[in-house]
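See below for the structure under consideration.
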Amino acid sequence: MTASVAEHIEKLGGVASSSQLKEAGYAPGVIEYAFSSGKIDRLTRGVYCSLDVLDDEFAAVTMRWPKCILSHGTALYLLGLSDRVPGNLSVSVPRDYNPRELRRTHPDMRIHRESDKLYGLGKTTVKDPMGVIVPTYDAERSIADIIQERAKGTVNPQLVRDAIVGYFRKGDRDLPKLAKMCEALGVRDELQTYLEVLE
């Protein structure tokens, strides 16, 4: 093993799960020694990081609970479609997933349980503010999610407006894909209303 644990974590973008480190050939004792001797830091249980990675909740949650996809307002923020820093993260998980430990660790988190048909639809990855690559929903899925939340009355209307206006300013917007996402989430008519207002 030529690279130290710290160097290997650095190579992975500054954050690594203990299973990633074990797969790379580092024994648990070696990882623990690197941590206790101050060469690496621990973001959360089973997730280690370089010393220059500050408290990165986006990476900590998605690495400790790999079924979590950052979604809704959190995804809009990471995609640059909202400038509201999420006070509480929003994540999507499969409907049959038991989020008990996640809720215990993050009582304020908004957890959206999704059907097999919807979970993972539009999944992509982005760099979070610390430069770590995290799983999130793409712009079209996130807009559809937020329109659905608006239809239920569970989201700030200003956030919806800002996100949709921001989306229409994007050079790489994909309206057919957005229409498909809204169709899948049952909010095609609501999208039409927003399109008419924006024209």
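The values are calculated or read from the model by the stated rules, or taken from the named source; none is laboratory data. Predicted model, so just to flag it, every value in this text is computed and none were measured. Here the Cβ positions follow ideal geometry from the backbone for every residue, glycine too, while neighbour counts run over all protein chains shown.
The rows are residues; the columns are (1) within 23 Å of residue 124 (Cα to Cα); (2) surrounded by 18 or more Cβ atoms within 10 Å (Cβ to Cβ).
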{"residue": "31", "(1), (2)": "no, yes"}
{"residue": "43", "(1), (2)": "yes, yes"}
{"residue": "47", "(1), (2)": "yes, yes"}
{"residue": "56", "(1), (2)": "yes, yes"}
{"residue": "63", "(1), (2)": "yes, yes"}
{"residue": "67", "(1), (2)": "yes, no"}
{"residue": "77", "(1), (2)": "yes, yes"}
Meets criteria (assigned to a helix (DSSP H, G or I) and in contact with an Asp or Glu (Cβ under 7 Å, 6 or more places away or on another chain)) for residue 151: yes
Single condition residue 85 does not satisfy, out of (1) surrounded by fewer than 21 Cβ atoms within 10 Å (Cβ to Cβ); (2) modelled with pLDDT of 85 or more: (2)
Odd one out for residue 83 among (1) among the acidic types (Asp, Glu); (2) under 20 Å from residue 142 (Cβ atoms); (3) not assigned by TED's automatic domain parsing to the domain that holds residue 156: (3)
Meets criteria (closer than 30 Å to residue 145 by Cα, in contact (Cβ under 8 Å) with a residue 40 or more places away in the chain and not assigned by TED's automatic domain parsing to the domain that holds residue 159) for residue 15: yes
Members of the range 15-31 that are closer than 14 Å to residue 46 by Cα and in a loop (DSSP other than H, G, I, E, B): 26, 27
The range 102-148, residues that are of a type in the set (D, E, K, R) and assigned to a helix (DSSP H, G or I): 103, 104, 140, 141, 145
Lone unmet requirement of (1) in contact with a Lys or Arg (Cβ under 9 Å, 6 or more places away or on another chain); (2) surrounded by 12 or more Cβ atoms within 10 Å (Cβ to Cβ); (3) farther than 23 Å from residue 127 by Cα for residue 17: (3)
Tally of residues being of a type outside the set (Asp, Glu), surrounded by 12 or more Cβ atoms within 10 Å (Cβ to Cβ) and more than 13 Å from the chain's Cα centre (by Cα) across the range 96-118: 8
Qualifying residue in the range 94-103 (condition: in contact with a strand residue (DSSP E or B) (Cβ under 9 Å, 6 or more places away or on another chain) and within 18 Å of residue 126 (Cβ to Cβ)): no
